[in-house]
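Reviewing the structure listed below.
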Amino acid sequence: MTTTVPRQAGETEPTRLSGLATRDLSAWFGAHKVLERVSLEMAAGQVTALIGPSGCGKSTYLRTLNRMHEMVRGAQLGGEVLLNGEDVYAHGRRPAEVRRRIGMVFQRPNPFPAMSIADNVASGLKLAGIKVGRDHREHLIEDSLRRAGLWNEVSNRLGTPGGALSGGQQQRLCIARSLAVEPEVLLMDEPCSALDPTSTRRVEETIAELRGRLTIVIVTHNMQQAQRISQSCAFFLASHDTPGRIVEAGPTEQLFSAPVDQRTADYVNGRF
Ligand code: ADP
Ligand code: MG
């Protein structure tokens, strides 16, 4: 389903809201199967949290969604990834275009440390091969920093190197860089794991602000965080001889208060 978000003052482009889904998605690294028939709907404009123990395939799953998985030598894939109902892996589809529409933020903030804050944000455009005029570039930098919740802290020092910011600010700078290309989906792989509680809270506020404006899929080990920020949740599990699968998925509230599977109950209550 596609809807158009109303423009806000100063915004040039309406952003398309697209849902994401996988059908029977399996993934391998060489002969090692790490995901088995994962089917999940990630609703447009909502926050979906992926939870589960280390090694169960959450990061791999995220990387299949925007075609980063195929960048690993020997990586294989089965099943489908659908962005707004269209197969992300359809023949003739360019991976770079998929990655522009589905952005990614990682656990460790990775701005270009010597590059200015402004250029860091604009680098997202450059990497995506998007050319814009100087006025529009400045507007996009401001708009992206505002949406990432960083504008008020950096507006008077846009020429400062990105590496001079605190860890939490660097993570929001990375979010701004992703937002500059106006993605429909933002994937976040444990974006707060390297941050202190205050910075974590700021990133959570940013996510809450972004909700409804784009589709967010976030991996987190923090059960309180999953409950605070997500509307839907999927619990992944693997064992030594079974690849990662979804044990249970549904509204976050339900997964935490009335899980259907005993393993989900054990995990969300910290008995794992
Ligand atoms: P999670 O994010 O849930 O901790 P991962 O997706 O990182 O899990 O890993 C799932 C499985 O895939 C693990 O067994 C891991 O060792 C394996 N794996 C991850 N990345 C690679 C890679 N680049 N090459 C080979 N195996 C990998
Ligand atoms: Mg991971």
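Matching residues to (1) of a type in the set (K, R); (2) closer than 19 Å to R263 by Cα; (3) within 13 Å of ligand 2 (Cβ to nearest atom); (4) surrounded by 15 or more Cβ atoms within 10 Å (Cβ to Cβ):
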{"site": "G30", "(1), (2), (3), (4)": "no, no, no, no"}
{"site": "L40", "(1), (2), (3), (4)": "no, yes, no, yes"}
{"site": "G45", "(1), (2), (3), (4)": "no, no, no, yes"}
{"site": "T48", "(1), (2), (3), (4)": "no, no, no, yes"}
{"site": "G52", "(1), (2), (3), (4)": "no, yes, yes, yes"}
{"site": "C56", "(1), (2), (3), (4)": "no, yes, yes, yes"}
{"site": "Y61", "(1), (2), (3), (4)": "no, no, yes, yes"}
{"site": "M68", "(1), (2), (3), (4)": "no, no, yes, yes"}
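Here are some conditions: (1) of a type outside the set (G, A, S); (2) crowded, with 21+ Cβ neighbours inside 10 Å; (3) farther than 24 Å from N269 by Cα; (4) within 15 Å of ligand 1 (Cβ to nearest atom). V81 meets all but one. Which one does it not meet?
Among (1) of a type outside the set (G, A, S); (2) crowded, with 21+ Cβ neighbours inside 10 Å; (3) farther than 24 Å from N269 by Cα; (4) within 15 Å of ligand 1 (Cβ to nearest atom), V81 violates only (4).
Restricting to the stretch 179-199, and then to whatever is hydroxyl-bearing (S, T, Y) and surrounded by fewer than 19 Cβ atoms within 10 Å (Cβ to Cβ), can you tell me which residue is nearest to ligand 1 (Cβ to nearest atom)? Talk me through it step by step, then tell me what you get.
Filtering the stretch 179-199 down to residues hydroxyl-bearing (S, T, Y) leaves 193, 198-199.
Keeping just the survivors that are surrounded by fewer than 19 Cβ atoms within 10 Å (Cβ to Cβ) gives 193, 198.
Details: S193: 11, T198: 26 Å.
Within the stretch 179-199, the match that is nearest to ligand 1 (Cβ to nearest atom) is S193.
Could you check the stretch 148-176 and list, in sequence order, the residues that are under 19 Å from the mean Cα position of the chain (by Cα) and closer than 15 Å to A122 by Cβ?
Residues satisfying the conditions are A148, L150, L173, C174, I175, A176.
Of all strands (runs of 3 or more DSSP E) completely enclosed by the stretch 1-104, which ones contain at least 1 residues that are touching a Phe, Trp or Tyr at 6+ places or on another chain (Cβ under 7 Å) and at pLDDT 95 or above?
On the way: elements: 2-4, 16-18, 20-29, 32-42, 47-51, 75-83.
Strands (runs of 3 or more DSSP E) meeting the threshold: 32-42, 47-51, 75-83.
If you check V154 against the conditions, is it farther than 13 Å from V47 by Cβ and among the β-branched types (V, I, T)?
Values: farther than 13 Å from V47 by Cβ: yes; among the β-branched types (V, I, T): yes.
Spelling it out, V154 is indeed farther than 13 Å from V47 by Cβ and among the β-branched types (V, I, T).
Within the stretch 128-178, which residues are among the hydrophobic types (A, V, I, L, M, F, W, C), out of contact with any Lys or Arg (no Cβ under 9 Å at 6 or more places or on another chain) and either within 18 Å of V105 (Cα to Cα) or exposed (fewer than 14 other Cβ atoms within 10 Å of the Cβ) (or both)?
Scanning the stretch 128-178 gives I141, L173, C174.
The values are calculated or read from the model by the stated rules, or taken from the named source; none is laboratory data. From a predicted model like this one, the values you see are computed outputs, not experimental measurements. Backbone-built Cβ (ideal geometry, glycine too); neighbour counts: all protein chains shown.
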